[in-house]
Amino acid sequence: MKPAQVLGISGSPRRNGNTELLIREFMRGAEASGHKTELIILSELKISPCTSCGSCHKNGKCIIIDDMQLMYKKLLKADCIVFASPIYFAGVSAQLKSFIDRCQALWSRKYILNKTLISPDKGKRSGYFISTAGSKDYNKVFEGAIFVVKAIFNTLDIKYTGELLFKDMENKGDIIKHPDALKMAFETGSSISAT
């Protein structure tokens, strides 16, 4: 057994906000358990939205040259992927949605060109979703975002393994007031299995 390569992707446009604090604790837990970790802050990257040009249907490659080209490699290499995003209008942030939409190239590679994305000897890959929402009354506030995350995980041959969802987190820093949210994030990260 060897340490897992854990890729964290923070989709919040606000630095050091609730979801970023949670994913940082998750990654800290994974690292404390001996895993290799890398945290990507999407707001610091240059990622253009998908233009639906259809070019990737021909060869599985996106013609837009930006930071997404490097991210494709990271997505396929990781043993565990963690997405973090606040909820905006019942979905993931614009930053994370653009990132996911640009994975159309990988979807095309798999489903149109029938190419294998992940080497069979890679083993099972796990995925987690971390999210916060300002709403405290609407019980279905996370459903749209979870559906999107499960869809991209399915394309990437990743099992949706777990989630950390916290309502009533309207203001920056509210997660710190939660009695055990950060501890839960750390413990979930530390529970990742070796590969």
- Here the stretch 82-94 yields Karplus 3J(HN,Hα) values (6.51, -1.76, 1.60; θ = phi - 60°; whole Hz; Gly and Pro given as x) of 10, 9, 10, 7, x, 8, 10, 6, 6, x, 6, 5, 4
- Nearest 10 degrees, 0 to 90: what angle lies between the long axis of helix 18-32 and the longest principal axis of the chain (Cα atoms)? 80
- Between the Cα axis of helix 68-77 and the main Cα principal axis of the chain, the angle (0 to 90°, nearest 10) is 80
- Task: Report relative contact order for the stretch 1-145 in percent, whole number only (criteria: Cα-Cα under 8 Å, sequence separation at least 6).
- Result: 31
- Query: Once every DSSP H run of n ≥ 4 in the chain is given -39500 (n - 2.57) and the sum is divided by its residues, what mean residue ellipticity at 222 nm do you get, rounded to the nearest 500 deg cm²/dmol?
  - Reply: -9500 deg cm²/dmol
- Message: Explain nothing, just the number: relative contact order of the stretch 124-178, from Cα pairs under 8 Å at least 6 residues apart, as a whole percent.
- Response: 54
- Note on the structure: A correct Karplus calculation of ³J(HN,Hα) over the stretch 3-15, with 6.51 cos²θ - 1.76 cosθ + 1.60, θ = phi - 60°, whole Hz and x for Gly and Pro, returns x, 7, 9, 9, 10, x, 10, 8, x, 7, x, 9, 6
- Message: Can you give me the Rg/Rh ratio for the chain, using Cα atoms for both radii and the Kirkwood formula for Rh?
- Response: 0.96
- Task: Check cross-link reach from LYS136 to the aspartates and glutamates: straight Cα distance under 17 Å, and skip same-chain residues fewer than eight apart.
- Result: ASP168, GLU170, ASP174
- Convex hull around the C-alpha positions of the stretch 14-95: the volume in Å³ per residue is 120
- Query: Taking only C-alpha pairs under 8 Å that are 6+ residues apart, what is the relative contact order of the stretch 66-129 in percent?
  - Reply: 48
- Task: May I ask you to list the lysines whose Cα is less than 25 Å away from that of LYS61, ignoring any residue fewer than eight positions away on the same chain?
- Result: LYS46, LYS73, LYS74, LYS77, LYS97, LYS110, LYS115, LYS122, LYS124, LYS150, LYS159
- ³J(HN,Hα), Karplus 6.51/-1.76/1.60, whole Hz, each residue of the stretch 127-140, x for Gly, Pro: x, 10, 10, 10, 8, 10, 9, x, 5, 10, 10, 7, 5, 9
- At 1.4 Å probe size, with every protein chain present, just tell me what the per residue accessible area of the chain comes to in Å². 51
- Message: I need the shape label for the stretch 65-152. Rule: rounded when a/c is under 1.5, else prolate if a/b > b/c, else oblate, with a, b, c from the alpha carbon gyration tensor.
- Response: prolate
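The values are calculated or read from the model by the stated rules, or taken from the named source; none is laboratory data. Values in this document were obtained by computation on a predicted structure and should not be read as measured data. Ligands, DNA and RNA are stripped out before the accessible areas are found, and what is left, the full protein with its side chains, is counted by its heavy atoms. Shrake-Rupley method; radii C 1.70, N 1.55, O 1.52, S 1.80 Å.
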